[in-house]
Number of protein chains: 2
Amino acid sequence: MMRLFFDPRQLDHAPAQELHNGAFVPYAETPARAQALCAGVHATESPTDHGEAPILAVHDAGYVAYLKTAYDRWLAAGRSGDVMGYIWPVVRRRALDLTRIDALAGRYSMDSSTPLTADSWTSAYWSTQSALSALDAVLAGDRVATALCRPPGHHAGADYLGGYCFINQAAVAAQAARDAGIARVAILDIDYHHGNGTQDIFWDRGDVFYASVHADPATDFPFYWGHADEVGEGAGEGTTLNLPLPHGTTIAAFRAAQATALDAIARFDPGLLIVSFGADTFEGDPIANFALKTSDYAMLARDIAATGLPTVVLTEGGYAVDNLGENLASFLSGF
Amino acid sequence: MMRLFFDPRQLDHAPAQELHNGAFVPYAETPARAQALCAGVHATESPTDHGEAPILAVHDAGYVAYLKTAYDRWLAAGRSGDVMGYIWPVVRRRALDLTRIDALAGRYSMDSSTPLTADSWTSAYWSTQSALSALDAVLAGDRVATALCRPPGHHAGADYLGGYCFINQAAVAAQAARDAGIARVAILDIDYHHGNGTQDIFWDRGDVFYASVHADPATDFPFYWGHADEVGEGAGEGTTLNLPLPHGTTIAAFRAAQATALDAIARFDPGLLIVSFGADTFEGDPIANFALKTSDYAMLARDIAATGLPTVVLTEGGYAVDNLGENLASFLSGF
Ligand SMILES: [Zn+2]
Ligand SMILES: [Zn+2]
């Protein structure tokens, strides 16, 4: 039986609303998503607490301090509701000794769609511990293990939150695997959206391969990352692979793109594969525009399993809550 | 009598609300500001239309196209209200062929506080023509001329809007003066806020000196620009001077900082001075925290006039609408 990790503290983070298309709308990345993920699988295990060190091995210390203190700073500034920025350092971004919460909110975020609550750090922390515990299982010899990561992580960079993400679980797990002695780690991201944070974190590194199949950023969030010409830089040149697909994509084209990604990963010859699995490629997803069916996910997983690589599965997006459990179950059935 | 330029089309731009400190609030940069500026002075002249070329000499062509088409694209996307971004390219910003209005809105803005309406381009265009007409007057021999610029400009960069600004009038006027044969142009910015757009535009150029006296960006908008260690780069190293001041600053400290800026400008030996004048340094300003009095502005202007430089005055911020006219009148009385 595949081991599955989840901590109930991952439910605490519950922003009231997000800014989208010029207006506030209910927050799409709800605790109900995690409940749906749990309902789709057999009983989960609580993760082991690995502390902050694996998080700080990927994320900027100032950013982590911000995640932990932002809500109290927001209250101290006399504000109500959740923390949200309103100005962003679009040019010449750099480390600065800023004191105002609004300055920090913009400095450490990429969007105005990811409010930070009193519980965001706690939920993201345990989401990450779930990922690290799944990694432990695989490092101990399991062929595959899964963490029900919520909040998700692939949009979070080393020093910025965004896209519902605070800590990048895939990046933290990849770095932890490197630190455990795995020479090369590959990350396959099959969420509907490009995982800009994961790409950024390993952009100039040759030891972690990042391959993503996703909606074309010309039309879809995160817009500024995930274009086909982004291949990494320096030591990382050639270890980033972006495969954008158009609206309406069905399983045939998606599977072919994933095969391209898996071929490139095979050539990279990693000792471990981390899969960022998003079910927002589902035909019924309310915020996305692909057309995969529930049974398609099993096929994608079988293709991944055929690589023979030790594999850690981490959940990312997926907003058709009523179908989320069965979509995850279908995916995991393929391993 | 000093010539004063203003066009009534500068009143058209009227966003309903802005995002600030986590919530929508009424838009502070109202058409009533321009009416107050006009009420504070003798009759104004209509500007001459200089066309788009002087704007395109400073601003990115894609950005200008965005300003002109964004509202129609917003409507075409099925949206209502004013155009506002929700995600920003905080790392590896670059030219991209993006089609979705939300992608463009974030690509071409720095904040979520500057909604773009059907009239923003028109108002900003005529605000800029007023600036260019004031420049004409000075190039033709007047000692000083003024444009009542609203919307303001100093937060707008070559390819981004923000801080209530769309076209950077000070930058467009400075470039037009250069193109008219003035070898060196200085810009003195005494708005409460740092003029990040103006600084960015001339950051690496040695022919335009930018000096700003403003609230410390550690605590005040625009946060990421205007720190004392920002001095320009390349050919522009040493031709940017930032003089941040703390909350509660009164005329003595402000005047001393302005004197430091004027000394540096005198050493630069420009052929023309452009003053970005903001009255948000006023003690009663609702969104700022300095404590200048109405009569103080005349003193600041006398110090500027004592340089003997041909001078173009452009208005920037100032949100104590009931006092805005008399604050401008006090300032202009010093010339
Ligand atoms: Zn997604
Ligand atoms: Zn201002």
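The values are calculated or read from the model by the stated rules, or taken from the named source; none is laboratory data. Small disclaimer: the values here were computed from a predicted structure and weren't measured. Don't worry about glycine lacking a Cβ; one is built from the backbone with ideal geometry, like all the others, and counts go over all protein chains shown. Keep in mind that these areas ignore ligands, DNA and RNA; they rest on the heavy atoms of the full protein, side chains included. Shrake-Rupley method; radii C 1.70, N 1.55, O 1.52, S 1.80 Å.
For the reader, a short list of remarks on this structure follows.
- Normalised by the number of residues in segment A:192-285, the average gap of Cα pairs under 8 Å and 6 or more apart makes the relative contact order 28 percent.
- Listed residue (A:Leu292, A:Leu243, A:Leu75) projecting farthest to the positive dipole end of chain A, Cβ model: A:Leu75
- When a 1.4 Å probe is rolled over the protein heavy atoms, the share of accessible surface on segment B:221-272 that falls to carbon and sulfur comes to 56 percent.
- Residues of segment B:165-200 with amide N under 17 Å of a point placed 7 Å along Cα→Cβ from B:Ala266: B:186-188
- Alpha-carbon centroid distance for the pair segment B:85-137 / segment A:222-296, whole angstrom: 33 Å
- Projecting the Cα atoms of B:Ala259, B:Ala215, B:His194 onto the charge dipole of segment B:173-301, computed from C-beta unit charges around the Cα centre, puts B:Ala259 farthest toward the positive end.
- Taking every C-alpha pair closer than 8 Å and separated by at least 6 residues, the mean separation divided by the residue count of segment B:219-332 gives a relative contact order of 25 percent.
- On full extension, the segment bounded by A:Ala218 and A:Ala252 gains 10.1 nm, given 0.36 nm per residue less the C-alpha separation.
- Remark: relative contact order (chain B) = 18 percent; criterion is Cα-Cα distance under 8 angstrom and separation of 6 or more residues.
- In order through segment A:318-323: 3J(HN,Hα) via Karplus (6.51 cos²θ - 1.76 cosθ + 1.60), integer Hz, x for Gly, Pro: x, 10, 7, 4, 5, 9
- For the pair B:Ala228 and B:Asp322 in one chain, pulling the backbone fully straight at 0.36 nm per residue adds 30.6 nm over the alpha carbon distance.
- Inter-chain neighbour count for B:71-81: the average number of beta-carbon atoms from partner chains within 10 Å of each residue's beta-carbon is 1.
- Here segment A:170-311 is treated as an ellipsoid with the same Cα gyration tensor; its semi-axes, largest first and in whole Å, are 24, 17, 12.
- Under the Karplus curve 6.51 cos²θ - 1.76 cosθ + 1.60, θ = phi - 60°, whole-Hz ³J(HN,Hα) for segment A:97-112, x wherever Gly or Pro sits: 8, 9, 10, 7, 4, 5, 5, 5, 4, x, 4, 10, 9, 10, 8, 10
- Backbone HN-Hα couplings from phi across segment B:14-25 [Karplus 6.51/-1.76/1.60, Hz, Gly and Pro as x]: 8, x, 7, 7, 9, 8, 8, 6, x, 8, 7, 10
- Inter-copy label distances at B:Asn289, using a point 7 Å along Cα-to-Cβ, come to 4.4 nm with the shortest given first.
- Cα-based shape type of segment B:292-335, given that a ≥ b ≥ c are square roots of the gyration tensor eigenvalues and the cut on a/c is 1.5: prolate
- Looking at chain B alone, DSSP beta bridges between its own residues are antiparallel in about 20 percent of cases.
- Solvent-accessible heavy-atom area per residue, rounded to whole Å², over the protein assembly as shown at 1.4 Å: 31 Å²
- Counting only DSSP beta bridges with both residues in the protein assembly as shown, the antiparallel share comes to about 20 percent.
- Gyration tensor (alpha-carbon) shape descriptor, chain B, a/c threshold 1.5: rounded
- Each copy carries a label point for B:Ala183 at 7 Å from Cα toward Cβ; from one copy, the others' points are 6.3 nm away, ordered from shortest.
- When the charge dipole of chain B is built from unit charges on Cβ atoms (+1 for Lys and Arg, -1 for Asp and Glu) and taken about the Cα centre, the candidate among B:Ala65, B:Ala145, B:Ala306 whose Cα reaches farthest toward its positive end is B:Ala65.
- Debye, to nearest 20: dipole size of segment B:174-306, +1 on Lys, Arg Cβ, -1 on Asp, Glu Cβ: 420 debye
- Buried solvent-accessible surface, both chains (B, A), 1.4 Å probe, Å² to nearest 100: 4300 Å²
- Qualifying aspartates and glutamates (Cα of each under 12 Å from Cα of B:Lys293; at least 8 residues distant if same chain): B:Asp280, B:Glu283, B:Asp285, B:Glu326
- Each Lys and Arg adds +1 at its Cβ and each Asp and Glu adds -1 at its Cβ; summed about the Cα centre, segment A:244-335 shows a dipole of about 240 debye.
- Residues whose amide H comes within less than 5 Å of that of A:Tyr210, counting only those at least five positions distant or on another chain, are A:Ile187, A:Thr240, A:Leu241 (H built at 1.01 Å from N in the peptide plane).
- Closest Cβ on chain A to the rotation axis that carries it onto B (distance rounded to whole Å): A:Trp88, 2
- The amide H of A:Val313, built 1.01 Å from its N in the peptide plane, has A:Ala145, A:Thr146, A:Ala147, A:Val275 as neighbours under 5 Å, considering only residues 5 or more places off or on other chains.
- Unit charges on C-beta of K, R, D, E only; dipole of the protein assembly as shown, Debye: 80 debye
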